[in-house]
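Engineer: What follows is a single structure, and I will ask about it in a moment.
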Amino acid sequence: MEETVDKIVQWLQQQVQETGVNGLLVGVSGGLDSAVVAHLIKRAVPDHSLGVIMPCKSNPTDINHAQDVSESCEINTVTVDLTETHQVLYNGIQQQVRQKGEWQEANDQLADANLRARLRMSTLYTLATNYNYLVVGTDNAAEWYTGYFTKYGDGGVDILPIVEFTKQEVREMASYLGVPEQIIDKKPSADLWEGQTDEAEMGTTYDIIDAYLQGQEIPEADKETIEKLHKRTEHKRNGAKHFVIKG
């Protein structure tokens, strides 16, 4: 694990050097993946790393955990509360569409959640411009393969240091780095709505996805779920399609 962490840190330092930026920043949610990335960027650029805490109708426990992460790796932090911004923007959008009689109630929860993720992305890039930093993503291998991230939200980043690692490997990395135990042991959640958990939303577990990615046998129902998620979210990994004039 020491060798793995050293390689990631060196890679992060290389990205800073190659792009000519001053440092690195990450959104710290209080979850496992962002905690690991916060520790990694602090090691890579100790004096030019930033953790950004962005509550948005968030569970107070997650905010406390985000602060615990910041203290555990002694990273410089800034907190930007997006609750009011989200409410004003979302209510404004709703009002305009409702007047036309075209608001889709069935999509309300997802639209609300995705706007939170995209406001956080915008906040990170505003800060990145100010500091001349790169925005560092937190997706692991399971999330990347299944497309469990918001397009142009938490998927809108410059670099992805842990995207090749399974959730279990990230958990082991967290223990090595000194991430607080209460964060390592908590149920994964993107804090999209009250009571939301990653595994309930995906319809399978990280352990099963990890096993699938490692070529192990898993129940057929889970295999179908994972492959369906992968196919449905291909557009997230490939970016926008563009028209090509055939000569």
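The values are calculated or read from the model by the stated rules, or taken from the named source; none is laboratory data. As the structure is a prediction and not an experimental result, all values here were calculated from the model. Positions of Cβ are generated from backbone atoms using ideal geometry, with glycine treated the same way; all protein chains shown enter the neighbour counts.
Engineer: Check residue 162 against each of (1) in contact with a Phe, Trp or Tyr (Cβ under 9 Å, 6 or more places away or on another chain); (2) at pLDDT 95 or above and name the one condition it does not meet.
Structural biologist: (1) is the only condition that residue 162 fails.
Engineer: In the list 49, 58, 34, 70, which residue meets the criterion of being under 19 Å from the mean Cα position of the chain (by Cα), modelled with pLDDT of 95 or more, under 17 Å from residue 189 (Cβ atoms) and among the hydroxyl-bearing types (Ser, Thr, Tyr)? Working first, answer last.
Structural biologist: Values: 49 fails: under 17 Å from residue 189 (Cβ atoms); 58 fails: modelled with pLDDT of 95 or more; 70 fails: under 17 Å from residue 189 (Cβ atoms).
Sole residue among the options that is under 19 Å from the mean Cα position of the chain (by Cα), modelled with pLDDT of 95 or more, under 17 Å from residue 189 (Cβ atoms) and among the hydroxyl-bearing types (Ser, Thr, Tyr): 34.
Engineer: Step by step: first the residues of segment 173-194, then only those that are of a type in the set (A, V, I, L, M, F, W, C) and at pLDDT 85 or above, then the one that is nearest to residue 31 (Cα to Cα). Which residue is that?
Structural biologist: If we take residues in segment 173-194 being of a type in the set (A, V, I, L, M, F, W, C) and at pLDDT 85 or above, then 183 is nearest to residue 31 (Cα to Cα).
Engineer: Moving to a separate point now. Hey, residue 135 hits all of (1) touching a His at 6+ places or on another chain (Cβ under 9 Å); (2) over 26 Å from residue 225 (Cβ atoms) but one; which does it fall short on?
Structural biologist: Failed condition: (1).
Engineer: So residue 102 passes all but one of these: (1) part of a helix (DSSP H, G or I); (2) of a type in the set (Asp, Glu); (3) surrounded by fewer than 11 Cβ atoms within 10 Å (Cβ to Cβ). Which condition number does it fail?
Structural biologist: (1)
Let's see how each residue does on (1) touching a residue at least 40 places away in the same chain (Cβ under 8 Å); (2) assigned to a helix (DSSP H, G or I); (3) crowded, with 16+ Cβ neighbours inside 10 Å; (4) of a type in the set (Asp, Glu):
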{"site": "204", "(1), (2), (3), (4)": "no, no, yes, no"}
{"site": "207", "(1), (2), (3), (4)": "yes, yes, no, yes"}
{"site": "210", "(1), (2), (3), (4)": "yes, yes, yes, yes"}
{"site": "215", "(1), (2), (3), (4)": "no, no, no, no"}
{"site": "221", "(1), (2), (3), (4)": "no, yes, no, no"}
{"site": "224", "(1), (2), (3), (4)": "no, yes, no, yes"}
{"site": "228", "(1), (2), (3), (4)": "no, yes, no, no"}
{"site": "231", "(1), (2), (3), (4)": "no, yes, no, no"}
{"site": "237", "(1), (2), (3), (4)": "yes, yes, no, no"}
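Engineer: Check residue 175 against each of (1) within 23 Å of residue 61 (Cα to Cα); (2) buried (at least 19 other Cβ atoms within 10 Å of the Cβ); (3) not charged (D, E, K, R) and name the one condition it does not meet.
Structural biologist: For residue 175, the exception is condition (2).
Engineer: Can you say whether residue 45 is closer than 28 Å to residue 132 by Cβ, among the hydrophobic types (A, V, I, L, M, F, W, C) and in contact with a helix residue (DSSP H, G or I) (Cβ under 8 Å, 6 or more places away or on another chain), as far as the supplied structure shows?
Structural biologist: yes
Engineer: Going by the structure shown, is residue 120 touching a strand residue (DSSP E or B) at 6+ places or on another chain (Cβ under 6 Å) and either at pLDDT 95 or above or over 19 Å from residue 236 (Cα atoms) (or both)?
Structural biologist: So residue 120 fits the description; yes.
Engineer: Counting just the residues of segment 130-166 that are of a type in the set (Ser, Thr, Tyr) and in a loop (DSSP other than H, G, I, E, B), which one comes out surrounded by the fewest Cβ atoms within 10 Å (Cβ to Cβ)? I'd like the intermediate steps shown before the answer.
Structural biologist: Quick first cut of segment 130-166, residues of a type in the set (Ser, Thr, Tyr) only: 131, 133, 138, 145-146, 148, 150, 152, 166.
Pick out the ones that are also in a loop (DSSP other than H, G, I, E, B) and you get 138, 148, 150, 152, 166.
Working: 138: 25, 148: 23, 150: 21, 152: 14, 166: 21.
Filtering first and then ranking leaves 152.
Engineer: Determine whether residue 55 is farther than 18 Å from residue 157 by Cα, touching a strand residue (DSSP E or B) at 6+ places or on another chain (Cβ under 8 Å) and surrounded by fewer than 24 Cβ atoms within 10 Å (Cβ to Cβ).
Structural biologist: When the stated conditions are applied, residue 55 passes them.
Engineer: State all residues of segment 196-212 that are closer than 16 Å to residue 149 by Cβ and either modelled with pLDDT of 95 or more or among the aromatic types (Phe, Trp, Tyr) (or both); if no residue qualifies, say none.
Structural biologist: 206, 209
Engineer: Report yes if some residue within segment 52-67 is in contact with a Leu (Cβ under 9 Å, 6 or more places away or on another chain) and closer than 22 Å to residue 162 by Cβ; otherwise report no.
Structural biologist: Looking for residues that are in contact with a Leu (Cβ under 9 Å, 6 or more places away or on another chain) and closer than 22 Å to residue 162 by Cβ, one finds at least one in segment 52-67, hence yes.
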